[in-house]
Amino acid sequence: MGQLRQLRVTGFLVQLFTSRTTIAIAITAGMMGMAACEALGQDAPKEHPLVKPLKIVRQSRKALDGVKDYTATFSKKERLGRGGRQLLSQTMRMKFREEPFSVYFFFQNKDAAGREVIFVNGRNNNQLVVHEGSGIKSLVGTLTFAPTASEVMKENRYPITKVGLKNMVDKVIAQWEGESKFRESTVKYYNSAKLGNVDCMAIECSHPTPRRQFTYHMTRVYIDKKSKLLVRVEQYGWPSRAGQQPPIVEEFTYSDIKTNVGLRDADFDRRNPQYNF
C-alpha cells in the first residue's frame with residue numbers, strides 16, 4: 001500500500017510537472033514567434049481604411065438627431081437613360097419635414113422653372129402633387145403621380161421618398177459598411193475643401209478595380225465643419241480606359257440649410273396661397 005501511494009503521488013507530480021512544462025514551452029514559443037515577426041518587420045493587421053470615415057459620417061448622422069425640419073437649396077446631377085448617356089442637372093428650393101415625411105420643391109433650373117411638387121407620407125393617397133410652372137404642361141393644371149411612376153423616374157434615379165439629409169447620409173453609411181468587408185479601398189482626406197463659402201472636410205474613397213461589391217469607382221462626401229452635417233455626395237463610375245477621368249454618376253448637394261424653422265402642414269398643402277397649384 002505504501003508503494004502504491006508513493007507511485008500515485010509520484011505520477012501526480014510527474015503529470016503536474018509535465019503540464020507546467022508544456023505551458024512554459026507554449027508561452028516561450030509564442031514570445032519567440034512575436035520576436036520573429038518583429039525581426040522580420042511584420043506589423044499587426046492594419047485597420048481598414050474605411051473605419052475612420054465611417055466614424056465621421058456616423059457623427060454627421062448623429063448631428064441630425066435634433067433636426068425636425070429644414071429649408072435648403074437642393075441641387076442634383078444624375079446620369080439617366082440607357083447607358084447613362086443623359087446627365088440631368090436640376091436645382092430647387094426645398095422644404096422638408098421629418099414627421100410626417102413631407103417634401104416641397106420649387107424648381108429653379110431653366111427647363112423646369114416654376115414647377116412645384118409636394119409629397120406628404122400618408123396624404124394625397126401617397127401621391128406626388130405636381131404643377132408645371134410654364135409651357136403647355138402648365139395649362140393642364142395640377143396632376144398626381146405615384147412616386148415611382150415612369151413619368152417621374154425619367155428625371156430621377158431615386159423616388160422622392162429617398163430625398164433628405166438623413167437618407168443621404170444613411171445611404172453612404174450602408175455603402176461604406178458593405179465596402180469595409182473587402183480590401184482594395186483607398187481613402188483620402190481634404191481638410192480645406194469648400195462648397196461656395198462653406199468650409200468643409202471632404203473624404204474620398206476609391207477602388208482600383210471593378211468588383212461586384214463596389215457599385216462606384218469613387219465616392220466623395222463633404223461635411224460642413226460648423227454644423228457637422230454631410231451636405232454633398234459625389235458618386236463616380238469607372239473610367240472607360242486607363243488615364244481617363246471617372247464619369248460622374250450622381251451628385252447631391254444641400255446648401256443654404258436652415259434647420260428647425262417650424263414648418264407646418266400649410267407648407268405642404270397645395271392650397272397654400274403662396275403656391276401656384
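Taken together, Phe119, Phe145, Phe214 contain a single residue that is closer than 24 Å to Asp256 by Cβ, of a type outside the set (Gly, Ala, Ser), assigned by TED's automatic domain parsing to the domain that holds Ala63 and touching a helix residue (DSSP H, G or I) at 6+ places or on another chain (Cβ under 9 Å), which is Phe119. Answer yes or no: is there a residue in the stretch 237-250 that is surrounded by 17 or more Cβ atoms within 10 Å (Cβ to Cβ), in contact with a Ser or Thr (Cβ under 8 Å, 6 or more places away or on another chain) and assigned by TED's automatic domain parsing to the domain that holds Glu78. No, the conditions are met nowhere in the stretch 237-250. Checking each residue in the stretch 129-152 for being under 18 Å from Thr91 (Cα atoms) and surrounded by 17 or more Cβ atoms within 10 Å (Cβ to Cβ) picks out Val130, His131, Glu132.
Restricting attention to the stretch 28-46, does a residue exist that is of a type in the set (Ser, Thr, Tyr), at pLDDT below 90 and in a helix (DSSP H, G or I)? Yes, the stretch 28-46 contains at least one residue that is of a type in the set (Ser, Thr, Tyr), at pLDDT below 90 and in a helix (DSSP H, G or I).
Kindly indicate whether Phe268 is over 16 Å from the mean Cα position of the chain (by Cα) and crowded, with 19+ Cβ neighbours inside 10 Å. So that I can check it myself, show each step before the final result.
Values: over 16 Å from the mean Cα position of the chain (by Cα): yes; crowded, with 19+ Cβ neighbours inside 10 Å: yes.
Taking the combined requirement at face value, the residue satisfies it.
Of all the listed residues (Ser150, Ser134, Ser180, Ser138), the sole one being touching a Leu at 6+ places or on another chain (Cβ under 7 Å), among the small types (Gly, Ala, Ser) and over 19 Å from Tyr254 (Cβ atoms) is Ser180. For the stretch 83-141, the set of residues classified as modelled with pLDDT of 95 or more and in a helix (DSSP H, G or I) consists of Asn124, Asn125, Asn126, listed by residue number. Of all residues in the stretch 99-116, those that are at negative phi have Cβ atoms under 6 Å from Cβ atoms of residues that are part of a loop (DSSP other than H, G, I, E, B) and basic (Lys, Arg), 6 or more apart or on another chain, in Phe107/Arg115.
Being farther than 24 Å from Val120 by Cα and modelled with pLDDT under 95 narrows it down to one of Ser206, Ser240, Ser185, Ser227, so name that one.
Ser240
When you check Ala174 against the structure, is it in contact with a strand residue (DSSP E or B) (Cβ under 8 Å, 6 or more places away or on another chain) and either at pLDDT 95 or above or within 27 Å of Leu229 (Cα to Cα) (or both), yes or no? Answer is no for this residue.
The values are calculated or read from the model by the stated rules, or taken from the named source; none is laboratory data. Because the structure is a prediction, the values reported are computed rather than measured. Virtual Cβ from ideal backbone geometry, glycine too; neighbours counted across all protein chains shown.
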